[in-house]
Amino acid sequence: MNKQQFSEIESPKFQQLVSTANDLFMRHGIRRVTIEEICNTARVSKMTFYKFFQNKNDLAKYLLRIQMDEGEALFEEIMGKNIPFRKKTDELLKLKMEKLNEMSPEYLNEILGAVPEMKDYYIKQAHETQKRILEAYIRAQEKGEIRKDLSPEFHIFMLNHILELLDDDRLKKIFQDPIALSRELIQFYFFGITARGK
């Protein structure tokens, strides 16, 4: 999308287009869904589609960016609550699970590797998000909610490594469902960082 097109994102046709595409991608994955199917379901023309997006992956990346922005906002909201850190991790885990349940295995698999362009985009955006997550964890560490002997650099390493593990062939043999693998890694990460006795 170019700058001029951003002024049109409030139009009903644009909203219908992205809402329909999001629903189809989440249910069937990106590769199986065609531009024609998106346009027919949304009742918009292909001309309208190409007015906003260069191709299907361009639209998929736009939607992924929205999902990640929304997830980051919810993360900040939870981390800002005046509750014990363990309860924050419980809420974050619940949020992650809810988001995973909205995705089909096909969609998640494509984001995590089956569609290289989407994987590259996801990893790039995730690294940016991780910087803000790290800041929140450092604040929690200063309050004694996360182990003080755990270095911030280790947080970043582990977050990045978890992204890599989602595409590890050895783990894919253990967890043939990418959503099940994601759940296991998320739970391992969250419950592996909480401070002892908190």
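Readers should treat all values here as calculations from the given coordinates under stated rules, not as data from a laboratory. This is a predicted model, so every value here is computed, not measured. Positions of Cβ are backbone-derived with ideal geometry, glycine not excepted, and every protein chain shown enters the neighbour counts.
Which of the listed residues, Gln187, Phe175, Asn160, is farthest toward the dipole's positive end in the range 60-191, when Lys, Arg count +1 and Asp, Glu count -1 at the beta-carbon?
Gln187
What is the angle, in °, between the Cα long axis of helix 116-142 and the longest principal axis of the Cα atoms in the chain? Nearest 10 is fine, range 0 to 90.
30 degrees
Dipole size in debye (nearest 20) for the range 9-56 around its Cα centre, Lys and Arg Cβ +1, Asp and Glu Cβ -1? Could the numbers behind the result be given before it?
Numbers: 8 positive and 4 negative charges, 26 e Å.
With only Lys, Arg, Asp and Glu charged at Cβ, the dipole is about 120 debye.
Using only the Cα atoms of the chain, build the gyration tensor, take square roots of its eigenvalues as a ≥ b ≥ c, and label the shape rounded, prolate or oblate: rounded if a/c is under 1.5, else prolate if a/b is larger than b/c, else oblate.
In terms of gyration-tensor shape, prolate.
Helix 85-101 sits at what angle to the longest principal axis of the chain, using alpha carbons and giving 0 to 90 degrees rounded to 10?
So the inclination is approximately 30 degrees.
Would you kindly state how much longer the chain becomes between Met47 and Ala180 on full extension, computed as 0.36 nm times their sequence separation minus their alpha carbon distance, in nm to one decimal?
Between Met47 and Ala180, full extension yields an extra 44.0 nm.
As an exercise, use a Förster radius of 22 Å and the Cβ-Cβ distance of Arg147 and Lys99 to find the FRET efficiency, rounded to the nearest 0.05.
Values: r = 27 Å, r/R0 = 1.21.
Step by step, r from the Cβ atoms, then E = 0.25.
Starting from the exponent 0.38 and prefactor 2.2 Å, build the expected Rg for the range 9-56 from its residue count and divide its actual Cα Rg by it.
On the way: Rg = 9.7 Å, N = 48, 2.2 N^0.38 = 9.6 Å.
The value comes to 1.02.
Excluding residues on the same chain fewer than 8 positions from Lys96, give the lysines whose Cα lies under 17 Å from its Cα.
Cα-Cα hits under 17 Å: Lys87, Lys88.
I'd like to know which of Gln125, Leu112, Leu92 lies farthest towards the positive end of the charge dipole of the range 55-147, counting +1 on Cβ of Lys and Arg and -1 on Cβ of Asp and Glu.
Going by the Cα projections, it comes out as Leu92.
Roughly speaking, what is the stretch gain from Lys131 to Glu76, that is 0.36 nm per residue apart minus the C-alpha to C-alpha distance, in nm to one decimal?
Values: separation 55, 0.36 × 55 = 19.80 nm, distance 1.25 nm.
My answer for the length gained is 18.6 nm.
Given the rule -39500 (n - 2.57) for each run of at least 4 DSSP H residues, summed and divided by the residues of the chain, what is its mean residue ellipticity at 222 nm, to the nearest 500 deg cm²/dmol?
Numbers: 11 runs with 143 residues, N = 198.
Value at 222 nm, helices only, nearest 500: -23000 deg cm²/dmol.
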